[in-house]
Amino acid sequence: MKVRDSGMPSEDYWESLHDVPAILDAFGFGPDTGDVVEMGCGYGTFTLPPVKRIRGTVHTLDIDSSMVARTRARTPKNLSARVVATVRDAFIDGLDVPTGSCEACLLFNILHTEEPHRRLLAARACVRPGGLVAIIHWRSDVPTPRGPPLAIRPSPEQIEAWARDVGGFAPPLTLLTLPPWHFGVALRRSHPGQPRRTGTPPRPFTVNLEAISSL
Ligand SMILES: C[S@@+](CC[C@H](N)C(=O)[O-])C[C@H]1O[C@@H](n2cnc3c(N)ncnc32)[C@H](O)[C@@H]1O
């Protein structure tokens with residue numbers, strides 16, 4: 001089942017709306033980063049730039065075969081061994097990587113999905129303890145040129161609440177400002193024995209909302 005409101009404008013326009021290097025920098029992707037899995041590659045906007053800077057493989061998938069074809073076609077030959085792009089329904093078929101095998105899972109512009117808890121659970125499952133679940137989405141506090149309707153657009157607080165419900169993420173949640181139109185949330189999978197966030201503790205995460213509203 002395709003995520004609601006996940007249609008794409010033209011590739012050039014979509015990519016003009018994202019500062020991809022700044023977003024990857026903010027999450028700390030670099031030469032030490034191992035394997036990454038991405039839910040919904042789209043045009044490969046966040047598939048190819050990471051593979052150029054990490055040592056691992058990027059496993060990506062999309063329900064739309066034209067998106068996977070475009071991502072494959074854009075992959076330089078010398079990197080193709082480290083890009084695995086598959087046509088797949090992430091909801092029905094899962095993410096297609098072994099449990100705990102990845103350094104990071106990208107949920108970029110996709111968490112306005114139905115059943116966000118299940119998507120977070122699937123993302124958490126595929127990263128190693130201490131691994132990163134990296135989320136970006138469109139801001140709701142400023143007008144944006146694209147993005148799903150505000151009614152289904154998640155806020156940082158909403159994502160914080162979902163992460164707390166799902167549990168198994170280590171505090172603190174890190175909120176990233178990704179000008180001009182996005183915010184990011186970095187969740188780290190708990191190590192065994194580390195406090196696991198479940199239920200509603202009084203102050204589980206550090207959410208720097210001032211940083212967002214001052215943009
Ligand atoms: C808004 S786009 C974001 C693409 C990319 N993450 C980015 O930020 O550039 C969402 C993508 O998710 C794909 N998608 C929607 N539902 C999906 C599903 N159930 N399984 C896999 N991919 C899906 C869509 O085809 C689309 O390419």
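The values are calculated or read from the model by the stated rules, or taken from the named source; none is laboratory data. Quick caveat: nothing in here was measured; it's all calculated off a predicted structure. Glycine gets a Cβ as well: all are built from the backbone with ideal geometry, and neighbour counts include every protein chain shown.
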Query raised in the report: Being crowded, with 17+ Cβ neighbours inside 10 Å, in a loop (DSSP other than H, G, I, E, B), touching a Leu at 6+ places or on another chain (Cβ under 6 Å) and modelled with pLDDT of 95 or more, is that true of even one residue in the range 172-194?
Result: no
Query raised in the report: Looking at (1) modelled with pLDDT of 90 or more; (2) over 20 Å from residue 22 (Cα atoms); (3) in a loop (DSSP other than H, G, I, E, B), can you tell me which one residue 144 breaks?
Result: (2)
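In the range 1-42, which residues are touching a strand residue (DSSP E or B) at 6+ places or on another chain (Cβ under 6 Å) and more than 18 Å from residue 146 (Cβ to Cβ)?
Within the range 1-42, the first condition is being touching a strand residue (DSSP E or B) at 6+ places or on another chain (Cβ under 6 Å), and the residues that meet it are 23, 26-27, 33-41.
Answer for the range 1-42, where residues must be touching a strand residue (DSSP E or B) at 6+ places or on another chain (Cβ under 6 Å) and more than 18 Å from residue 146 (Cβ to Cβ): 26, 27, 33, 34, 35, 36, 37, 38, 39.
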Query raised in the report: Given (1) of a type outside the set (Gly, Ala, Ser); (2) modelled with pLDDT under 50; (3) assigned to a loop (DSSP other than H, G, I, E, B), where does residue 212 come up short, assuming only one miss?
Result: (3)
Query raised in the report: Can you name the residue in the range 127-171 that is among the hydrophobic types (A, V, I, L, M, F, W, C) and more than 23 Å from residue 36 (Cβ to Cβ) and, of all such residues, is surrounded by the fewest Cβ atoms within 10 Å (Cβ to Cβ)?
Result: 151
Query raised in the report: Of all strands (runs of 3 or more DSSP E) completely enclosed by the range 34-103, which ones contain at least 3 residues that are within 9 Å of the ligand (Cβ to nearest atom)?
Result: 58-62
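Quick one: is residue 15 within 13 Å of the ligand (Cβ to nearest atom), acidic (Asp, Glu) and within 19 Å of residue 55 (Cβ to Cβ)? Let's see the steps before the verdict.
Details: within 13 Å of the ligand (Cβ to nearest atom): yes; acidic (Asp, Glu): yes; within 19 Å of residue 55 (Cβ to Cβ): no.
No.
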